[in-house]
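S.K.: To start, I am sharing the structure in question, which I have written as structure tokens.
The values are calculated or read from the model by the stated rules, or taken from the named source; none is laboratory data. Fair warning: this is a prediction, and the values are worked out from it, not measured in the lab. When we count neighbours, we look across all protein chains shown, and the Cβ atoms used for this are built from the backbone with ideal geometry, even at glycine.
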Amino acid sequence: MRAPSERRQLDLFRALPGEFAPRDAQDLMAYPFFSLAKSKRVAPIDFHAGGVVIRVEAVPDHVMATIWDADILIWAASQIVNARDASLRTSRLMAATPYEMLTFIGRGVSQRDYQRLKAALDRLQSTSVVTSIRQAAEGRCHRFSWINEWQERTSPDGRPLGIELILPDWFYRAVMDDALVLTIDRAYFRLTGGLDRWLYRLVRKHGGRQRAGWRFDIRHLHQKSGSLAPFKRFAFEMRDIVRRQPLPGYILFTEVEVSGRVLLAFEPTPPVDRPVLSGTRTIVPSGTALSCYREPEAGLSASSETEIRAPNLDSNSESNLDSDARGRANHGNAKHSGRVP
């Protein structure tokens, strides 16, 4: 006897019209699940930190899903959360038109954009993920693809009606848990660099609770990114991101310890509540004088503090300084710098 298909066991959730805030799943923001390069990647991602295990595998025909492909998951999460908050029934089986999906994630709506959307759906379906995150028993792992299946819908007379897709249970449960979803800035979709996008999501994830900012060891960031680039290249690109300041809502800078360890740090962009001269840089630290004739030195924190802030122990403690290092920092053994080796 043939087993019923998953599609027949699920209610269909039709995508809601209108504008609403984009939402992202925190697990996807904190860990390396996607290729950060626009070039085709087949080499797997292997990440181990504490009790977290992640392996992402790709097949040569479709290669690994990229961080741009993950925009479709952001669209799906946003739809589910918005419907749930409106007390509407949601489902892992979703239907939408390509126009609805593409416009939400800031893409064009040409035939070429439609073909790219289908290629992204193929990569999401063919990419295999194994992870220990959110597993009840220690040592247990969950294997899934970002999309279980997808298909183009047509009317009986052959007219295109849109796309149906089925989300994996692992992702759907994360989205339905309000504590595991964060609102992101719509400007995220305008970030063109893979590292820019990855770093924004990581910073946004940690910035939710840390209004005083956060800091990361550069070498740990390299591991956490899943990037195939050697560390020297990765550090160069981090320095370029600090120079460009592309992340909406945050200021990036570096901190260098006396020992030479380099930290990438961020602070939320302070509000500017007084007149600013035309031509002044976009980022203006809180407390800047009325005239704004003098700009802050490049690469420095907008804060007047010179010590490294205490680490957030709520999550990803392996990213932070230990208590001994914090004590040394508070006695003046750390300094700000705009340099990354």
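S.K.: How many of the residues making up the range 78-117 are assigned to a helix (DSSP H, G or I) and free of Cβ contacts under 8 Å to residues at least 40 places away in the same chain?
M.R.: Counting residues in the range 78-117 that are assigned to a helix (DSSP H, G or I) and free of Cβ contacts under 8 Å to residues at least 40 places away in the same chain gives 10.
S.K.: So, one more: Report whether or not Arg107 is of a type outside the set (Gly, Ala, Ser), exposed (fewer than 14 other Cβ atoms within 10 Å of the Cβ) and in the same structural domain as Arg14 (by TED's automatic domain parsing).
M.R.: Criteria not met by Arg107.
For (1) of a type in the set (Ser, Thr, Tyr); (2) under 17 Å from the mean Cα position of the chain (by Cα); (3) crowded, with 20+ Cβ neighbours inside 10 Å, each residue gets a yes or a no:
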| position | (1), (2), (3) |
| --- | --- |
| Ile72 | no, yes, yes |
| Ala76 | no, yes, yes |
| Met94 | no, no, yes |
| Leu102 | no, no, yes |
| Arg112 | no, no, no |
| Ala119 | no, no, no |
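Yes/no per residue for (1) surrounded by 21 or more Cβ atoms within 10 Å (Cβ to Cβ); (2) free of Cβ contacts under 8 Å to residues at least 24 places away in the same chain; (3) touching a strand residue (DSSP E or B) at 6+ places or on another chain (Cβ under 6 Å):
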{"position": "Glu138", "(1), (2), (3)": "no, no, no"}
{"position": "Arg143", "(1), (2), (3)": "no, yes, yes"}
{"position": "Asn148", "(1), (2), (3)": "no, no, yes"}
{"position": "Arg153", "(1), (2), (3)": "no, no, yes"}
{"position": "Leu165", "(1), (2), (3)": "yes, no, yes"}
{"position": "Arg173", "(1), (2), (3)": "no, no, no"}
{"position": "Gly226", "(1), (2), (3)": "yes, no, yes"}
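S.K.: Just to be sure before I move on: is Ile218 assigned by TED's automatic domain parsing to the domain that holds Pro32 and touching a residue at least 60 places away in the same chain (Cβ under 8 Å) in the structure I sent?
M.R.: Answer is no for this residue.
S.K.: Condition first: surrounded by fewer than 21 Cβ atoms within 10 Å (Cβ to Cβ), part of a helix (DSSP H, G or I), assigned by TED's automatic domain parsing to the domain that holds Ser259 and free of Cβ contacts under 8 Å to residues at least 60 places away in the same chain. Can you find one or more residues in the range 192-213 that meet it?
M.R.: Checking the range 192-213: at least one residue is surrounded by fewer than 21 Cβ atoms within 10 Å (Cβ to Cβ), part of a helix (DSSP H, G or I), assigned by TED's automatic domain parsing to the domain that holds Ser259 and free of Cβ contacts under 8 Å to residues at least 60 places away in the same chain.
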